[in-house]
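> Take this structure first; my questions come after.
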Amino acid sequence: MLNDQVTFRRVTAGVLLIVAPLLQAIAVFVDPGTWGDDREAVSFGANPALAQAQSALYHWSWILMPIAALGLVHLTRRRATRLGHVAGGMTVIGYISLSGLLLSDPVEWWLGQHYSPEQAQKILDEMLNLPGVIFAFQMPWMFFGFIGLPVLTVAVWRAGFVGWWVPLVVAVGYLGSFAVSYGPATALFWTVPVVALGWTGLKILKMGDEAWAAYYPAARDREPASA
């Protein structure tokens, strides 16, 4: 399979569209901060094993999702191409940026072990509010993934690959989570897109190599018009 560009890229896109959102959904359920004290310096300290597990799950979800997004961009080669490029770029940048922020989790756990919750939060805020951290890792990049992915599924719908319900479900799940504080409601919102993205991944796996390759421009489409 590694020698076959069509099979490898199709299978990779399909599998990751199932795995990446599922890992994120599992992470939010595992996260002690979802169900416990909303101060992670406290909740992480209460269960450091689960705290480390959720960080690992989020990390792998958020570095695999950009690869899956490139597979979705492939489906917009012939229709909704510009929208696919813009939304795909946002999605890739957003999820990679989110993964980088996870390095603050062990820092917050360590601070919680050595300082009071108030002191730990104050120190962490001073670290994360540095201009370089804000503009390189946080604003506005950390929101690009959760905004770009629903828009990318709109492009895939306009390209004719999925029904209208797929972008609707993805948007309700990820954009809807902005309306609530991180907690049990987030777990519900982030579980919803697993269905739509997983269904899209299964459809990619079942479509076969010939159908996937059909999205590539034909050689004649690349040749310049004769004089």
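> Please go through segment 178-209 and give me each residue that is within 13 Å of Ala68 (Cα to Cα) and either surrounded by fewer than 19 Cβ atoms within 10 Å (Cβ to Cβ) or hydroxyl-bearing (Ser, Thr, Tyr) (or both), ordered by number.
Gly198, Thr200, Leu202, Leu205, listed by residue number.
> A further question follows. Name the residue that is surrounded by the fewest Cβ atoms within 10 Å (Cβ to Cβ), counting only residues in segment 1-47 that are modelled with pLDDT under 85 and assigned to a helix (DSSP H, G or I).
So, considering only residues that are modelled with pLDDT under 85 and assigned to a helix (DSSP H, G or I), the one surrounded by the fewest Cβ atoms within 10 Å (Cβ to Cβ) is Ala46.
> I would also like to ask the following. Please identify the pairs in which a residue from segment 192-221 that is of a type in the set (Gly, Ala, Ser) has its Cβ atom under 6 Å from the Cβ atom of a residue that is at pLDDT below 95 and assigned to a helix (DSSP H, G or I), counting only partners at least 6 apart or on another chain.
Matching pairs, first to second residue: Ala213/Val6.
> Follow-up. Find the residue count for segment 141-161, including only residues that are modelled with pLDDT of 95 or more and touching a helix residue (DSSP H, G or I) at 6+ places or on another chain (Cβ under 6 Å).
Residues meeting the conditions: 10.
> Select, from Leu103, Leu124, Leu75, Leu111, the only residue that is surrounded by 16 or more Cβ atoms within 10 Å (Cβ to Cβ) and within 22 Å of the chain's Cα centre (by Cα).
Leu75
> Quick check: is even one residue across segment 80-100 of a type outside the set (Phe, Trp, Tyr), surrounded by fewer than 20 Cβ atoms within 10 Å (Cβ to Cβ), touching a residue at least 12 places away in the same chain (Cβ under 8 Å) and more than 23 Å from Ala196 (Cα to Cα)?
yes
The values are calculated or read from the model by the stated rules, or taken from the named source; none is laboratory data. No experiment lies behind these values; they were computed from the predicted model shown. Note that we place each Cβ from the backbone using ideal geometry, even for glycine, and neighbour counts take in every protein chain shown.
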